[in-house]
Amino acid sequence: MDSYLRVKLPAAGTYRLELLDTTGKGGTAFAYTLDVRRPVPDFAVLTTLSAVNLAPTGSAAFSVVAVRRDGWDGDITLRLRGQEPGFSLEGGVVPAGRERVQMTLTARKRGSGAALQVELEAVAVVGGVEVVHPVKPADLRMQAFGNTHLVQAEALWVCTRKNAPA
């Protein structure tokens, strides 16, 4: 993750900003970007998997991660985008102060066995205005020594198994 510093400085004064590599291995062969700006509160939401397998009338739990930007910390409501026939979403709220929650996707009828793309959207009030963002499908991956990160995927796929008991 990139470094992030949020600070409120007195209006008057001279300031010096120094950008250093914490390992001491930086130099002119490396590129650094510094973004100095006023905060723009916002959010993004990612899934922790890009494929969900459901029994025909069953459910599956999965998690989402909220990325809160520039100090914004309100509730985020998740919902199925558009008309997703045959599915319902339960527990789709990321409360203020939380970054990860688990929710349940349920198929209301027997599936065909085919994989379908499902889209979710995240809704929140930011600065008194309703903001809607698509939820980005991603997969939680682990690297050596237990470090994890989210790798964005192209779509969120749902498959309902037709041969499972109803």
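No value in this document is a laboratory result; all are computed from the given coordinates. Keep in mind that this is a model prediction, so the values were computed, not measured. Ideal geometry is used to build each Cβ from the backbone, glycine not excepted, and the neighbour counts take in all protein chains shown.
Residues that are in contact with a strand residue (DSSP E or B) (Cβ under 8 Å, 6 or more places away or on another chain) and aromatic (F, W, Y) are absent from the range 140-153 altogether.
Listed here are the residues, each with its yes/no results for (1) free of Cβ contacts under 8 Å to residues at least 60 places away in the same chain; (2) over 16 Å from the mean Cα position of the chain (by Cα); (3) part of a strand (DSSP E or B).
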{"position": "V7", "(1), (2), (3)": "yes, yes, no"}
{"position": "Y15", "(1), (2), (3)": "yes, yes, no"}
{"position": "T22", "(1), (2), (3)": "yes, yes, no"}
{"position": "K25", "(1), (2), (3)": "yes, yes, no"}
{"position": "T33", "(1), (2), (3)": "yes, yes, no"}
{"position": "V36", "(1), (2), (3)": "yes, yes, no"}
{"position": "A44", "(1), (2), (3)": "no, no, yes"}
{"position": "N53", "(1), (2), (3)": "no, yes, yes"}
{"position": "A66", "(1), (2), (3)": "yes, no, yes"}
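When the range 143-153 is filtered for residues that are without any contact (Cβ under 8 Å) to a residue 40 or more places away in the chain and not hydroxyl-bearing (S, T, Y), the ones remaining, listed by number, are Q143, A144, F145, G146, N147, H149, V151.
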